[in-house]
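What follows is a short report on a single structure.
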Amino acid sequence: KAFQEAETRGWHLYLVGGAVRDLLLADNEGQVLLEDIDLVVDGFHRSADVGAGVELAKALQQVYPAARLEVHGQFQTAALLWHNDPDLGSLWVDIATARTEFYPYPAANPEVEASSIRQDLYRRDFTINALAVRLTEPRAGELLDFFGGVLDLQSQQIRVLHANSFIEDPTRIYRAVRFAVRLGFEIEPQTERYIRHAIASGIYEQVQGKNGRAPALETRLKSELKYILQAPYWKAALNLLADLGALRCIHPTLELDKNLWWQVRLLARCLRRFDAQKSLEHWQMRLEVLIAYLATEYRGKVANNLQLPTDSIARLQNLDKAQFEVVENLPKCEQISKLVQLLRRYDLPTLILVAVKNPRFVRRNIWRYLTEWRNIKAPLNGNDLKALGYKPGPQYSKMLDVLLAATLDGVVCVNEASPQEIR
Ligand code: CTP
């Protein structure tokens, strides 16, 4: 339908980006599940056709009323979304007008102008993402490879199309790492030099909200970080980012030294042990450990720039206080009940951050609290107290607290077979 709608208007329609790359990477037998499809329209002659992508999306939505239509004015793109459709499943189709981008200054948000498919592909990040398949006649099915993308897919190289690519968009450094690790490709040596040059020239400062810029770049960095830190290959990607000096995009002082690497690995163990049900956002905890490694005065600002949720920002800002209280008071807790009273003031992510940042004594106690002591309950509840003849009232919570403390400290034993029997 999309092809017909485009053809009747005299336009060409192309499949571009990740879908083409993934189709070419799949072996002949293999099937690719495309959930995210990018289409580009070109071949128009009137400037009014700048909105061709949006017009086509609107026409398609008439044909497929089940699809939701979203229009993004700034870049003249539209998206059609199917959610749990009986025929299509969940599918996201972006339709854009072929465009050229101008970067008014390095790392700026691009300004956009309609153009041909070749120019549209030239503005993209890597040769392997700059391939297109023509979907409309004549020559429907033809593969457009202007920049050697097929060869790079075969030789497994991540290669930029031009020298300024990372200066214009520093988040592409993270994308290069993501694709390299995910696909098992190599960052081509000249491309690696461009990355190192961009970082050496201080491009990372642009990502940190300097020059009063709009936060669009930080949003893109956050979404790249999320992609990387939630993927199964996150450790390899983090190492490669560190090797390229790219962690400076998070903060100029951030380095993956031995100590931070140890903390990151400890975190992985903590999350496996204490959050197997994934109630926490694991990618975000990884990012929090990186941010918590920075000097205190930077943490809040970095978390803010990366638009982390407010509870995460507050946790990072108050981490020193929590850490001080725990480290100072833990050795004074002579009974387990006192230790439980101390640690239950903090939420799980705070305890995990304190555990990974501190020596064995602190870590062991937090570990035992999380695995054993926090699960111990008082042997009686309010109903039991009532049944034993105590008058209900506020004293119940005090009595139950005393009972819990006594149980934790081993002063009270419960007969499992007959819980009412307490010694
Ligand atoms: N793109 C780019 N520069 C960026 C982000 C995106 O040039 N900073 C281009 C790439 O050509 C990419 C396309 O926009 O192929 C779509 O972006 P995205 O959906 O993020 O990437 P995919 O290649 O589809 O990757 P994935 O399979 O991970 O979704």
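Using the heavy atoms of the protein chains and a 1.4 angstrom probe, tell me the accessible area per residue for the chain in square angstrom. Mind showing how you got there, number by number?
Working: 21550 Å² over 423 residues.
Per-residue accessible area for the chain comes out at 51 Å².
How far, in nm, would the chain grow between Glu205 and Asp320 when pulled straight, counting 0.36 nm per residue and subtracting the alpha carbon separation?
Numbers: separation 115, 0.36 × 115 = 41.40 nm, distance 2.61 nm.
Separation in residues times 0.36 nm, less the Cα-Cα distance, equals 38.8 nm.
Where a Cα-Cα gap under 26 Å defines reach, which lysines qualify for Lys386, not counting those fewer than 8 residues away within the same chain?
Hits, sequence-local ones excluded: Lys377, Lys398.
Students often forget the sequence filter, so: which lysines lie under 24 Å Cα-Cα from Lys1 once same-chain residues fewer than 8 apart are removed?
Partners within reach: Lys58.
Rounded, prolate or oblate: pick one for region 142-274, where a ≥ b ≥ c are the square roots of the eigenvalues of its C-alpha gyration tensor, a/c under 1.5 means rounded, and failing that, prolate if a/b is larger than b/c, else oblate.
Cα axes put region 142-274 in the oblate bin.
When the helices in the chain are scored as -39500 (n - 2.57) per DSSP H run of 4 or longer and the sum is shared across all residues, what 222 nm value do you end up with, to the nearest 500 deg cm²/dmol?
Values: 21 runs with 205 residues, N = 423.
Result for the chain: -14000 deg cm²/dmol, rounded to the nearest 500.
Need one number: nm distance between label points at Arg360 and Gln307, each 7 Å from Cα along Cα→Cβ, rounded to one decimal.
4.4 nm
Can you tell me the length gained on complete extension of the stretch Phe3 to Tyr103, counting 0.36 nm per residue apart and subtracting the Cα distance? Each step should come with its number before you reach the end.
On the way: separation 100, 0.36 × 100 = 36.00 nm, distance 3.19 nm.
That pair, Phe3 and Tyr103, stretches by 32.8 nm at full extension.
Once the Cα atoms of helix 296-305 and of the chain are each reduced to a long axis, what angle between those two axes, in degrees from 0 to 90 to the nearest 10, is obtained?
Result, in degrees: 50.
Roughly speaking, to the nearest percent, how much of region 54-197's 1.4 Å accessible area is carbon and sulfur?
Numbers: 3350 of 6630 Å².
About 50 percent, which is the carbon plus sulfur part of the accessible surface.
Return the lysines within reach of Lys301: Cα separation strictly under 21 angstrom, same-chain partners fewer than 8 residues apart disregarded; answer none if there are no such residues.
Lys210, Lys222, Lys226, Lys321, Lys357
So what does the Cα-only Debye profile of region 262-375 read at q = 0.13, 0.23 Å⁻¹, as log10 I(q)/I(0), no solvent term?
For the requested q values the scattering log ratios are -0.47, -1.39.
With axes computed from alpha carbons, what is the tilt in degrees of helix 189-200 against the longest principal axis of the chain, rounded to the nearest 10 within 0 to 90?
60 degrees
Evaluate the distance, in nm, between pseudo-label points positioned 7 Å from the Cα of Ser279 and of Ser90 along their respective Cα→Cβ axes.
2.3 nm
Magnitude of the Cβ-charge dipole of the chain, K/R +1 and D/E -1, about the Cα centre, nearest 20 debye? It would help to have the intermediate numbers written out before the result.
Working: 52 positive and 51 negative charges, 424 e Å.
It comes to approximately 2040 debye.
Looking at the chain, I'd like the Rg to Rh ratio, where Rg is from alpha-carbon atoms and Rh is Kirkwood's inverse mean 1/r. The partial results should precede the final answer.
Working: Rg = 28.2 Å, Rh = 25.4 Å.
My calculation puts Rg/Rh at 1.11.
If one takes the longest principal axis of the Cα atoms in the chain, at what angle in degrees, from 0 to 90 and to the nearest 10, does the Cα axis of helix 282-292 lie?
Around 80 degrees separate the two axes.
Can you find, among Val32, Thr100, Pro379, the residue sitting farthest towards the positive end of the charge dipole of the chain, where Lys and Arg contribute +1 and Asp and Glu -1 at Cβ?
Pro379
Please go through region 235-331 and write out the GluC sites (Glu not before Pro) that DSSP classes as loop and that have at most 14 other C-beta atoms within 10 Å.
Answer by residue number: Glu255.
The values are calculated or read from the model by the stated rules, or taken from the named source; none is laboratory data. The structure displayed is predicted, hence computed values, not measured ones. Reconstructed Cβ throughout: ideal geometry from the backbone, glycine too, with neighbour counts over all protein chains shown. Accessible surface areas use protein heavy atoms only, side chains included; no ligands, DNA or RNA. Shrake-Rupley method; radii C 1.70, N 1.55, O 1.52, S 1.80 Å.
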